[in-house]
Structure formats: C-alpha cells, structure tokens
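Worksheet: the structure to be examined is printed underneath.
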Amino acid sequence: MPKIEVNEKLFFEAVGRRYDYAALEDVLPCAKAELDERPDETLPENERTIKIELNDTNRPDLWSTNGVARQLKLHANGKMPDYFKFMANRGNTDYGERVINVEPEMKDIRPFMVAFLICGKPIDDTMLKDIIQTQEKLCWNFGRKRKSISMGVYRAEKIKFPATYKAVDPDKTSFVPLQCEQPMTCRQILTDHPKGRDFGWILEGLPKFPLLTDSNGEVLSMAPIINGAFLGAAKVGDTDLMVEMTGDNMENLLLSMNIVACDFIDQGYDIKPILVKHPYETGFGRDIMTPFYFQKTTKAKLSNINKVLGSEFDIQKICDALTRMGSTVETKQIENDWEITLAPPPYRNDFLHEVDVTEDVMIGLGVSEFPPLKPRDFTIGKLSDVTLFSRKAKEIMVGLGYQEMIFNYLGSKKDYVERMNIDARDIIEIENPMSENYQFVRNSIIPSLLRAESGSANAIFPHKIFEVGKVAYICDAENTGTLTRQNLGLLTVASNANFNTLASEISSLLYFLNHEYKVVETEDPRFVPGRQAGILVGEKQIGIFGEVHPQVLENWAIQVPCVAAELDLEELM
C-alpha cells in the first residue's frame, strides 16, 4: 500500500487544526489511512515528518499531504471548497494564449496530454517537496511506473506559447536534460541519464520519441523520462508553474489532473486552464482543457444501505455522512423508500456500485455509530460444498498421475489473449493495474498451465500438471457484470501426447465424479481443428479438451506436443 511523508506544519495548517498523535491515529481511518511512524518530537515543527500509510489503492487523491488533510477537514466539518468554479467545463475557459498542439504522429507513441497553470503566490520549499512527492506517488502507483501517466512541472513565466507535443528522431534530437549541463541525444538519455536508465523501457523500441517544446524551440520535456534543464527546473520562489501530464488513458489523466489541481486550490493557489489540441479523438473530444469534471453519478437506495450496514439510519444522517466524504447528494422519495443520487467530487472516480456508496456512508459516520453486537445465531463452520467437490476432483487427478499446481489469478494481455490466439472480448481488465503483468483476470486455467510449462523444458518428460482454481469472465446476466467459477484445468506434455489418450483420462475423471457425458465438435482457436471436443453434461457444455494448437505452442516457445482440458467443476456438482 502507498506510504506518504507529510511535513507536520504544512499538514496541520491544511487540516485547519492541530492533533496530538494519539488523536491523529483515531481520525485517520476516515481517510482510509493509519499512522505509520511518528516524527522526532525534538525537531522544530516545520522539520518534522509524519509517515502515513494509505490502505486503499482506489483513492489516489489521498496519496498526498493535501489529500489526507482535505479528507480529515471534510470529515470534521462537512464543508467542501468550491472546486467546480475551477473546472474548465464548468466555466473556467479563459486560456488566453496558452495552447499546446499535439502532432498526429503522437497517436501511436504516447497519445494524450493535459495541462494547466498554477499561480497566485510563490512556491516555498515545503510545497515544492510535496509537489515532487505527489508526482512520484501518482505516476509510480496510479500511473504504472510512468507508463500510463507521467507528470511534468515547469517554470511557466519562461514558456513561450503555443507549445508543441511532437514525435522526434531520437538520434538526431538533442537537449540538456535536468541535472545535466551538456546536451544529450534523446536515445543517449535512455542509457546515460539516471532517469533514462530507470524509465527508458517505456520508450524502448519506438521509432520516434515524444518531445514537448515551446514556440522558441526550448525543450520542456521528453515524456515520460526527464524534463529539460531550463524550463523544467521548478525552483523555490517561482510564482507561476505549468503542470502537464501525458499518457495512454485520458480518463486517468483527467482524474490525476483534478487531484493535483484540488491540492493546489486547497493551498490557496489559482488554477488557469491550458488548451491542448489533439488531431484525433481522446474519448472526451479533441480539444481538452483541465481541470475537467467528468465523473458520473451513482444511485443507491436508503433501504439497501441500511440492509448492508445492519442499521436503521434516516435519510438525513446518510446524506450528512456522504457530504462529510466530499460528495454532493440529491434525494428523491419513492413510495416508502429514498433514492440517493451521489455526484463525486472532482478528485474521486471510485464509485462503481451501490456498495461503494454504502462504504462511504460507513466511513463518514465513523465506527462509533456501530455499537458491537453479540452474534444472535449459533453457527458451525464447515467446508463449502464446492471445496469438498474440488478436493474429490484433486484426488482423482493425483490418481491419474497429475501434479497439482497453484497460480496467480491475474496476468498480462500477452499471456491471456495474444499467446492463446483469442480475443479479449469476455476477459475482465483491471482499470488501474499496478503493472501490465497483472492487468487481466484469467478466464481460463490453461494459460497458467502453459506458462508453467514454458519454463520447464529441462524437466524430464512427460509433464502432467493440473490446477483447481477460480476463473472469471464478463457476464451481462450477473448483477456485477462478471461471473466467477471454480474450474479444473489439466495439461499433459509428452512426445506421444494426443487426443485419444486425453479422451480416456477425461472419461475416467467423469466416471469417478459420477457423471455421464457426451462430446461435441468445437472450433476453439486454442486447439487443433478436428482434434478437440466439447464436454456435454445433459445439454450444457461444461468443458473442452484437445490437442493444443501449434501456433499457441510456438507463442509459448514450447517444442513438445501438448494436450489440455478445462472443466467447470461447479456445473458438475
């Protein structure tokens, strides 16, 4: 979980009151946080650092001094600053000469950019350090180590607009990067500059690199690696700063910009928009000005909230709790119930379901509103039916000579889609993954088995492995839009592995699971045509087996024939 270090003086000034450390520990849960380490109290207040651990990766707005302080202040008095007057799509549209033009070539390199100007008072040392920390936390955690989001801060008074975001030849373009005194080519920066060595993998292999320059040709940055030494070196005392972000997901960029803008607004700065003109669609239009309010409303019913919380709160108490979490609420009475329409603040985008509204009610009210109760029902714990049935299936598989494996449920698009010769239509993608290696939820166990086999070429053949585990996929018929199932996947790798041998093992497995079955022809691209079959129990297909397609084996760099099968155990119960 993210951890942040906050300057004690700046933090308590932002909160609007001072807490002792014991009291701070008590109020931090309203920001889904806890005190990680107390500062050295022998130091002066403006030199003390409080370390706070955040317990929720869905709230990047809390990954800064001002973010946590804002939530504590809101929870205490329920008064939200008027952020909307700074939103570009709510009237703040005076961009003057501040324009950035994006060139068409950027569409296939690093397509999106957003920017705004902060002004009003000089930046002091404490605020500058906090800006840098916010930049690092957002881009490292939420921005997947800068791959999806990178942020640059520049000395705005020295920028000559309009600026240009363009693609350049990395071997023929040079500039002086931050922390250097001599010019370096863009490609040289990837190998010789510390930031280039850290983040150069993002641009590696691209024919051209991104470059942001002003109308004088002065380099602001080579996103997402490093700023230019002149315009990109923000200093204490600067009064006007330009903040820009680049990436591949416009919604995440807009959210990140709103978070940063609200942090500055809380510190008394003004926000002025910058017009970024894209020559292609971004999902929010071609011309983008930020901050930009794009959040959708979420509906919830009072009865459902009370049912989940085991409470009997009235509508006023629920609305007060949601307001203390920063949201705007409207209510409408429907028969004997109330419907709540929640509009999140500009810096939040984590409301996906009525349960998320319920969670905010609980946090907004505080734990003290929920007195502890003794259990009223006598229950005895036992293994679930699916666990018992899964154990039976495991015993049968071991009897057939297979070795059990355990895999991660998350993986990459390359493993779950591209190497399996399938499309991603029904696969669940995580919206804000920490890494592209954990971007998708598996919809089949077979890719996990093949991944294990791809690293086992030196083991003595045959290889016979299986796993009983969860898979999930998109299902519109479900309330959540997804369905999770317990599956059995198995893989045999041997020079003589073939359809007929696997068919006999499937027959043995289903015999001992007390099921009669039929097989039907299938056309699954993961298997060889004509050497695959679907498993029918009753009239429903509950699995598939066959010889793995040579292209799939080549994708995994497997050079020995493979047969694989997968069955839905919950359908067999």
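The values are calculated or read from the model by the stated rules, or taken from the named source; none is laboratory data. This structure is a prediction, so every number in the text was calculated from the model and none was measured. Cβ: placed from backbone, ideal geometry, glycine included. Neighbour counts: every protein chain shown. Protein only, heavy atoms only, side chains kept; ligands, DNA and RNA dropped before computing areas. Shrake-Rupley method; radii C 1.70, N 1.55, O 1.52, S 1.80 Å.
Considering only the range 413-422, I want to know if a residue exists there that is over 23 Å from Ile465 (Cα atoms) and part of a loop (DSSP other than H, G, I, E, B). Looking through the range 413-422, none of the residues is over 23 Å from Ile465 (Cα atoms) and part of a loop (DSSP other than H, G, I, E, B). The set of residues in the range 515-573 that are in a helix (DSSP H, G or I) and under 20 Å from Val386 (Cβ atoms) comprises Leu569, Glu570, Glu571, Leu572. None of Tyr438, Tyr416 is in contact with a strand residue (DSSP E or B) (Cβ under 9 Å, 6 or more places away or on another chain), under 20 Å from Leu553 (Cβ atoms) and modelled with pLDDT under 95 except Tyr416. Within the span defined as the range 501-523, every residue fails to be open to solvent by 60 Å² or more (accessible area, probe 1.4 Å), closer than 24 Å to Ala452 by Cβ and within 36 Å of the chain's Cα centre (by Cα). Quick check on Ile334: is it surrounded by 15 or more Cβ atoms within 10 Å (Cβ to Cβ), among the hydrophobic types (A, V, I, L, M, F, W, C) and either more than 29 Å from Glu25 (Cα to Cα) or under 32 Å from the mean Cα position of the chain (by Cα) (or both)? So Ile334 does not fit the description; no. For the range 453-482, a tally of residues being part of a strand (DSSP E or B) and among the small types (Gly, Ala, Ser) returns 2.
For the condition over 25 Å from the mean Cα position of the chain (by Cα) and open to solvent by less than 20 Å² (accessible area, probe 1.4 Å), what is the one hit in Asp214, Asp240?
Of the residues listed, the single one that is over 25 Å from the mean Cα position of the chain (by Cα) and open to solvent by less than 20 Å² (accessible area, probe 1.4 Å) is Asp214.
Screening the range 193-210 for residues that are open to solvent by 90 Å² or more (accessible area, probe 1.4 Å) and assigned to a loop (DSSP other than H, G, I, E, B) and picking the one that is modelled with the lowest pLDDT gives Glu204. Scanning the range 320-343 for residues that are over 18 Å from Ala69 (Cα atoms) and either among the aromatic types (Phe, Trp, Tyr) or not in a helix (DSSP H, G or I) (or both) yields a count of 16.
Looking at Asn89, is it open to solvent by 10 Å² or more (accessible area, probe 1.4 Å), among the polar types (S, T, N, Q) and closer than 19 Å to Val243 by Cβ?
yes
Every condition in (1) under 19 Å from Asn77 (Cβ atoms); (2) of a type outside the set (S, T, N, Q); (3) open to solvent by less than 20 Å² (accessible area, probe 1.4 Å) is met by Gly268 except one, and the failing one is (3). If you go through the range 300-316 and pick out every residue that is open to solvent by less than 70 Å² (accessible area, probe 1.4 Å) and part of a helix (DSSP H, G or I), you end up with 7.
To keep it simple, each residue is scored yes or no on (1) acidic (Asp, Glu); (2) free of Cβ contacts under 8 Å to residues at least 40 places away in the same chain.
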{"residue": "Arg376", "(1), (2)": "no, yes"}
{"residue": "Ile380", "(1), (2)": "no, yes"}
{"residue": "Ser384", "(1), (2)": "no, yes"}
{"residue": "Tyr402", "(1), (2)": "no, no"}
{"residue": "Tyr409", "(1), (2)": "no, no"}
{"residue": "Val417", "(1), (2)": "no, yes"}
{"residue": "Glu429", "(1), (2)": "yes, yes"}
{"residue": "Pro433", "(1), (2)": "no, no"}
{"residue": "Asn437", "(1), (2)": "no, yes"}
